[in-house]
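A.B. asks: Right, I'll just put the structure down here and ask away after.
Rule-based calculations on the coordinates, nothing more; no lab input. In this text the structure is predicted, and so the values were computed from the model without any measurement. All Cβ positions, glycine included, derive from the backbone under ideal geometry; neighbour counts span all protein chains shown.
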Amino acid sequence: MHTPGLWQALHERRYLRSGWPWRCALYFLTSAPLGAALLVCLLVLALAGSLLTVVLVGVPLLLMLVLAGLPVARLERRRLRLIDPAVPMADAHRDPPRTGPAAWLRTRLQERSTWRELGYALLFACLLWPLEAVIIGTVIGVSGGLVSTPLVMATAGGGEEVRVIKLWLVHSYPAAFAVALAGLLLLPLLAYPLGLLAAGRARLTRLLLDAPPEQDDVRVRELSRSRMRLVTAFEAERRRIERDLHDGAQQRLVALSMHLGLARLDAREEPLAGLLAQAHGEAQAALVELRELIRGIHPQVLTDRGLAAAVEDIADRSPVPVDLDLDLPHRFLEAVESAVYFAVCEALANVAKHSRATRAAVEARVDGGRLDVRVRDNGVGGADKAEGTGLEGVADRLSVLGGRLLVSSPSGGPTVLRVLVPCPPAPDRRLDARPVR
Amino acid sequence: MVRIVLAEDSVLLREGLVGLVERFGHQVLATVGTADELTAAVAEHDPDIVVTDVRMPPGFSDEGLRAALRLREKNPGLPVLVLSQYVQRAYAEELLDSSNGTHVGYLLKERVGHVEEFVDALQRVAAGATVVDPEVVRQLLRHRRDPLATLSPREQEVLALMAEGRSNASVAAALHISEGTVSKHFGSILTKLDLTLSDATNRRVLAVLTYLRA
């Protein structure tokens, strides 16, 4: 199964005419300078780090050494596409649970991937690149040496004799050209071991740098699929309840209130007038409560006008003043809009209830195929998504969509909530929310 | 007497509304249940006012409102009273932005319970007035609050010091920040106060005046 592209190509006749041998050569050629540079960097970090540990400056240097695998792995994953382009490798790292460098560092140090990548970096710097340099050096040296024989004879050899790859002496031009021809014939023969070695190298890289295998677990896949189905069903159910309340109870209450209003026109005498006024008041109060309930279940403006309008609406209703900076170029999938909307609702509700903030801000933009929303306040901090707050539910809902909720809320504040969700645009939904005039 | 075309998909409410307005001596020319029928009925009857629900078939989203906006675009000055279930600034603003915002009303549906107020609103919209539900007005006002309130606390500090006649350098020194940061804050103040660049005005003076008037 590994390296299907190159592996298959090696079995086909077209291999020699394809780009594969050149890709393999290029891969090995780039290995040497990269590996050498990496070795120098690692040595400098290790040396400077251990010497300076006495004065504490060395500790961050040693930490950098430990994390050196991260950028190397990123570069190597990209470089691997040269010889193994079929399945691009996923980043093997998790997103940290909170914002800020400390959380990031803790997550990275606890991950197996970080250590595997460090292992790869050490292997690459100490063993792989010298081997690869020898391989590609041999291929280029031997074939190049043979092919260039006539040329060397004409220049360095003065047209009389030349020593072919420092082994045999050749004395005449016909012999020299024969050697060159042999060199040309040798090239395709060398292309095969080169391809084999590259395939092996690709397999090794994948083994060390690919995402951990539990993501391929059938049960996990089935679980996440069923979770997605549950959330979709949950969403549909909310919409249905909202609609039923709107078309049923709300309309009936409006009609009731209207008839009570009409009855009050005719019944001017007490005690009937008083009783009717009271009943009318109750009906109106019920209507107000029902209206708020329906809005809490599913706000119509989110469906009709999209996320930006719906967030403006909650900002309007927030008792703490909210600054908005929303840059949302298009509509998103219903599930995404809904999850993000309720995340912002929960965040602003927490701002009003717990933060003692005097000001909050919501920023939203699309960045690299992800919707990135931040809610910040200038309050006292101390929010925690594990503490049985509504934030836990928000995080669950986002994770179903492959999204994340990051919370940074040191005690003393400020609190920053960040929502990240992959957001393919929804082309079938109205892009421009406002009607054409 | 006001001649009305009424669009409302709930039969119960439709009948109730017809009874209500007829009781006050107005005439319902046609009642319809979808946005398309509404457009056709207006073309046919040429009413004094259109009363429509926001949410209508087939999509049960905001078809009624969209139909009303289209009608007003085609027949400027056609009075339209929209009955809505939502305290929703966005919808009301769209309606008020159409045809100079006259001959238009946005009322919460529950207002029809206050029969006399409702009929009064109907007559006033037909006569050219603008009627917006008090709940919605409250939301509109909250949104269009004091422009200075949109400034961050730091920006307010910067503007306050500028109003004392200080230069950027002096503001920077007073707040222990760099002059570059002061310029950045000032740029953001201008944007938030909506003071655009023109040769005829000094934006710094305008920003300070806004501060002093507040």
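A.B. asks: So which GluC sites (Glu not before Pro) in the stretch A:247-327 end up in coil per DSSP with only 14 or fewer other C-beta atoms within 10 Å?
C.D. replies: Hits after loop and neighbour filter: A:Glu269.
A.B. asks: While we're here: Taking every residue in A:258-265, how many Cβ atoms of other protein chains lie within 10 Å of its Cβ, on average?
C.D. replies: Mean number of neighbouring Cβ atoms from other chains: 6.
A.B. asks: To the nearest Å, what is the center-to-center distance of the stretch A:134-201 and the stretch A:361-418, using C-alpha atoms only?
C.D. replies: Here the answer is 64 Å between Cα centres.
A.B. asks: Kirkwood hydrodynamic radius, computed over distinct alpha-carbon pairs, for chain A: how many Å, to one decimal?
C.D. replies: Taking the inverse mean of 1/r over all distinct Cα pairs, chain A comes out at 28.3 Å.
A.B. asks: Same structure, new question: For the Cα atoms of chain A, what angle does the longest principal axis make with the long axis of helix A:129-147, in degrees from 0 to 90, nearest 10?
C.D. replies: The angle comes out at about 50 degrees.
A.B. asks: Using a 10 Å cut-off on Cβ to Cβ distances, tally the other chain neighbours for every residue of A:249-256 and report the average as a whole number.
C.D. replies: Average per residue, whole number: 6.
A.B. asks: Roughly how big is the protein assembly as shown's charge dipole about its Cα centre, with Cβ charges of +1 (Lys, Arg) and -1 (Asp, Glu), in debye to the nearest 20?
C.D. replies: Here the size comes out at about 2720 debye.
A.B. asks: Another question, then. Using only Cα atoms, tell me the angle between helix A:334-350 and the longest principal axis of chain A; keep it within 0 to 90° and round to the nearest 10.
C.D. replies: 70 degrees
A.B. asks: Excluding residues fewer than 8 places away in the same chain, name every one of the lysines whose C-alpha is closer than 26 Å to that of A:Lys353.
C.D. replies: Straight-distance partners of A:Lys353: A:Lys385.
A.B. asks: Run lengths n ≥ 4 of DSSP H only: what is the helix-derived mean residue ellipticity at 222 nm for chain A, with -39500 (n - 2.57) per run over all residues, to the nearest 500?
C.D. replies: Calculated at 222 nm, the ellipticity per residue is -20000 deg cm²/dmol.
A.B. asks: Which of the lysines could a cross-linker span from B:Lys184 if the Cα-Cα distance has to be under 27 Å and same-chain partners fewer than 8 positions apart are dropped?
C.D. replies: Leaving aside lysines fewer than 8 places away in the same chain, those within reach of B:Lys184 are B:Lys192.
A.B. asks: Still on this structure, please answer the following. Calculate how steeply helix B:11-23 sits against the longest principal axis of the alpha-carbon atoms of chain B, using the helix alpha-carbon long axis, and give the answer as 0 to 90 degrees to the nearest 10.
C.D. replies: It is inclined by approximately 80 degrees.
A.B. asks: Give the residue list of trypsin sites (Lys or Arg not before Pro) in the stretch A:238-343 that are DSSP loop and have at most 15 other beta-carbon atoms within 10 angstrom.
C.D. replies: Qualifying residues, ordered by number: A:Arg268.
A.B. asks: Counting only other chains, what is the mean number of Cβ atoms within 10 angstrom of the Cβ of each residue in peptide B:63-71?
C.D. replies: Counting other chains' Cβ atoms within 10 Å and averaging over B:63-71 gives 2.
A.B. asks: Which residue, A:Gly5, A:Val231, B:Gln139, has the largest displacement toward the positive end of the dipole of the protein assembly as shown when charges sit on each Cβ (Lys, Arg +1; Asp, Glu -1)?
C.D. replies: Going by the charge dipole, the pick is A:Gly5.
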